[in-house]
Amino acid sequence: MAKILVVDDESSIRRTLKDILEFEKHDVDIASNGIEAVDLAKDNTYDAILLDIKMPEMDGMEVLDKIMIFSDVPIIMISGHGTIDTAVEAIKKGAYDFIVKPPDLNRLLVAVRNAVDKKVLVTQTTQLKKEVSYKYEIVGESDFIVSLREMITKVAPTTARVLITGENGSGKELVARQIHEQSTRVKSPFIEVNCAAIPTELIESQLFGHEKGSFTSAIKQRKGDFELAHGGSLFLDEIGDMSLNAQAKVLRALQENKIVRVGGEKDINVDVRIIAATNKNLRNEIEKGNFREDLYHRLSVIIIEVAPLRDRKDDIPVLVKRFISDISASQGRLPFSITEEALTELQKYNWSGNVRELHNVVERMIILCTDVITIDDVNLYVKPLML
């Protein structure tokens, strides 16, 4: 059942539309003029609005403009004087659909159903974006985290390539995600490639795609991650593990903003912002002949080093409380509490696995402890397992 607002200055049409929609099990409000409609739209959350165009005092087009300022509700315009120009103008202003009076019943119901479905999708998408933003939020209050957030705020809106360095589990992916989320490319894809997890012989196909028949298992054409990330950001995680041959092709793509699929001959233009990350010292890898120096200079316009957790222990209490909240919720349990003594004890460890290890430890204690995590629990479930 959807909640729908019907706006029309003719009482007979209001009643008819209300009866039809209520027969379809919808909850219907009515408004006899534009001013009343705007007030109702501000005070209620509607799944769709049926809006007449020709009304006294405030016509439908003006009502559409006002509602679009504060709401994303799909609005279906209805008019007995409909023309193509009027319909086009309404759609340009943001109307979802346009129906001519007297409305065909089936056409009306289909339009309402589609509008309601769109509202559901918009709501779900908004919620998912909030969940993703929450999941990849950089948590902490240390001086390092404050400086890191400031750096991201400066770098994100630019087109500069970024190289993120740091130990495994320190949060390099979070930094990459935040750079994308705060950039002008946020509405475009964020594609992540773990260069260490893909076999050397497959990395080129993964990045650049391939043509059908280019190798034995290439049974159809496939777009690579550069193409999939077009207009957005491509995160090359653990780029220090990429083969020299693949590095050469990545370098060409960065120099020319073009790629060629494996087995193909045609240049494909790509517009991609590269964010790379590594846990290796690339300067040392260059000296060993494992990494191209020219590629390093292409990637390292901005270098962000993520400090290990042992160097920012002030963040541990904040992280632990966040993990307790998230893990408890995911397991359908009431949030645990933790004593100050337990938090202080957790700050004494070096955390070779960084934030990832801390998360695992918190999850272990939530599973094995009672509702309050104490210093005894830390000594029992954490201390014996620390390296």
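Please specify each residue of the stretch 306-357 satisfying the condition of being of a type in the set (S, T, N, Q) and under 22 Å from N279 (Cβ atoms).
Initial filter on the stretch 306-357 (of a type in the set (S, T, N, Q)): 325, 328, 330-331, 337, 339, 344, 347, 350, 352, 354.
Passing the criteria: N350, S352, N354.
Tell me yes or no: at least one residue of the stretch 154-175 is acidic (D, E) and under 25 Å from L254 (Cβ atoms). Full working, then the answer.
First, the residues of the stretch 154-175 that are acidic (D, E): 167, 173.
Within this subset, residues satisfying the condition of being under 25 Å from L254 (Cβ atoms) are 173.
Yes, the conditions are met somewhere in the stretch 154-175.
Here are E173, E137, E150: which of them is charged (D, E, K, R) and assigned to a loop (DSSP other than H, G, I, E, B)? Before you say what the answer is, go through the steps one by one.
Values: E173 fails: assigned to a loop (DSSP other than H, G, I, E, B); E150 fails: assigned to a loop (DSSP other than H, G, I, E, B).
Going through E173, E137, E150 in turn, just one is charged (D, E, K, R) and assigned to a loop (DSSP other than H, G, I, E, B): E137.
Could you check how many residues of the stretch 287-311 are in a helix (DSSP H, G or I) and either more than 22 Å from S233 (Cα to Cα) or in contact with a Pro (Cβ under 9 Å, 6 or more places away or on another chain) (or both)?
Here is the first cut: in the stretch 287-311, the ones in a helix (DSSP H, G or I) are 287, 293-299, 309-311.
After this cut, where a residue has to be either more than 22 Å from S233 (Cα to Cα) or in contact with a Pro (Cβ under 9 Å, 6 or more places away or on another chain) (or both) as well, the list is 287, 293, 309-311.
Number satisfying all stated conditions: 5.
Which one of I20, I35 is farther than 18 Å from A111 by Cβ, among the aliphatic types (A, V, I, L, M) and surrounded by fewer than 22 Cβ atoms within 10 Å (Cβ to Cβ)? Give the steps one after another, and end with the answer.
Values: I20 fails: farther than 18 Å from A111 by Cβ.
The match here is I35.
Filter the stretch 263-294 for residues that are farther than 20 Å from A196 by Cβ and β-branched (V, I, T); which is nearest to the chain's Cα centre (by Cα)?
Among residues in the stretch 263-294 that are farther than 20 Å from A196 by Cβ and β-branched (V, I, T), the one nearest to the chain's Cα centre (by Cα) is V272.
Being among the polar types (S, T, N, Q) and closer than 23 Å to N194 by Cβ is the filter; apply it to the stretch 117-175 and report the residue that is modelled with the highest pLDDT.
Taking the stretch 117-175 as the starting set, the residues that turn out to be among the polar types (S, T, N, Q) are 123-127, 133, 142, 147, 153, 158-159, 165, 168, 170.
Filter again for closer than 23 Å to N194 by Cβ, leaving 133, 165, 168, 170.
Numbers: S133: 64, T165: 97, N168: 94, S170: 94.
Only one residue fits best here, namely T165.
Pairs only if they're at least six apart or on different chains, beta carbon under 7 angstrom, first in the stretch 371-387 and at pLDDT below 90, second in a loop (DSSP other than H, G, I, E, B) and of a type outside the set (S, T, N, Q); list them, first residue then second.
What qualifies is D371/F336; M386/Y349.
Tally the residues that are crowded, with 19+ Cβ neighbours inside 10 Å and touching a helix residue (DSSP H, G or I) at 6+ places or on another chain (Cβ under 6 Å), restricting the search to the stretch 273-291. Let's see the steps before the verdict.
At the first step, the residues of the stretch 273-291 found to be crowded, with 19+ Cβ neighbours inside 10 Å are 273-278, 282, 291.
Filter again for touching a helix residue (DSSP H, G or I) at 6+ places or on another chain (Cβ under 6 Å), leaving 275-278, 282, 291.
Residues that pass the stated criteria total 6.
Could you check the stretch 258-284 and list, in sequence order, the residues that are of a type outside the set (V, I, T), more than 26 Å from R177 (Cα to Cα) and in contact with a Ser or Thr (Cβ under 9 Å, 6 or more places away or on another chain)? Even if it seems obvious, please write down each step before you answer.
Taking the stretch 258-284 as the starting set, the residues that turn out to be of a type outside the set (V, I, T) are 258, 261, 263-267, 269, 271, 273, 276-277, 279-284.
Filter again for more than 26 Å from R177 (Cα to Cα), leaving 261, 263-267, 284.
If the condition is that a residue be of a type outside the set (V, I, T), more than 26 Å from R177 (Cα to Cα) and in contact with a Ser or Thr (Cβ under 9 Å, 6 or more places away or on another chain), then R261, G263, G264 are the ones that fit.
Given (1) in contact (Cβ under 8 Å) with a residue 60 or more places away in the chain; (2) more than 19 Å from V162 (Cβ to Cβ), where does F208 come up short, assuming only one miss?
(1)
Tally up the residues in the stretch 80-95 that are surrounded by fewer than 20 Cβ atoms within 10 Å (Cβ to Cβ) and outside any helix (DSSP H, G or I), please. Walk me through it before giving the result.
The first filter runs over the stretch 80-95 and keeps only residues surrounded by fewer than 20 Cβ atoms within 10 Å (Cβ to Cβ), leaving 80-89, 91-94.
From what is left, the residues that are outside any helix (DSSP H, G or I) are 80-83, 94.
Of the residues in that region, 5 qualify.
Is there a residue in the stretch 324-344 that is of a type in the set (D, E, K, R), in a loop (DSSP other than H, G, I, E, B) and surrounded by 13 or more Cβ atoms within 10 Å (Cβ to Cβ)?
Here is the first cut: in the stretch 324-344, the ones of a type in the set (D, E, K, R) are 326, 333, 340-341.
Then drop every residue that is not in a loop (DSSP other than H, G, I, E, B), which leaves 333.
If we keep only those that are surrounded by 13 or more Cβ atoms within 10 Å (Cβ to Cβ) too, we end up with none.
No: the stretch 324-344 contains no residue that is of a type in the set (D, E, K, R), in a loop (DSSP other than H, G, I, E, B) and surrounded by 13 or more Cβ atoms within 10 Å (Cβ to Cβ).
Condition first: within 21 Å of A253 (Cα to Cα) and in contact (Cβ under 8 Å) with a residue 12 or more places away in the chain. Can you find one or more residues in the stretch 305-315 that meet it? Steps first, please.
The initial filter retains those residues of the stretch 305-315 that are within 21 Å of A253 (Cα to Cα), namely none.
The answer is no; no qualifying residue exists.
Every residue, every condition in (1) modelled with pLDDT of 90 or more; (2) part of a helix (DSSP H, G or I); (3) in the same structural domain as I91 (by TED's automatic domain parsing), yes or no:
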| site | (1), (2), (3) |
| --- | --- |
| D19 | yes, yes, yes |
| D29 | yes, no, yes |
| E36 | yes, yes, yes |
| L40 | yes, yes, yes |
| P56 | no, no, yes |
| V63 | yes, yes, yes |
| I67 | yes, yes, yes |
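The values are calculated or read from the model by the stated rules, or taken from the named source; none is laboratory data. Quick caveat: nothing in here was measured; it's all calculated off a predicted structure. All Cβ positions, even for glycine, are placed from backbone atoms using ideal geometry, and neighbour counts span all protein chains on display.
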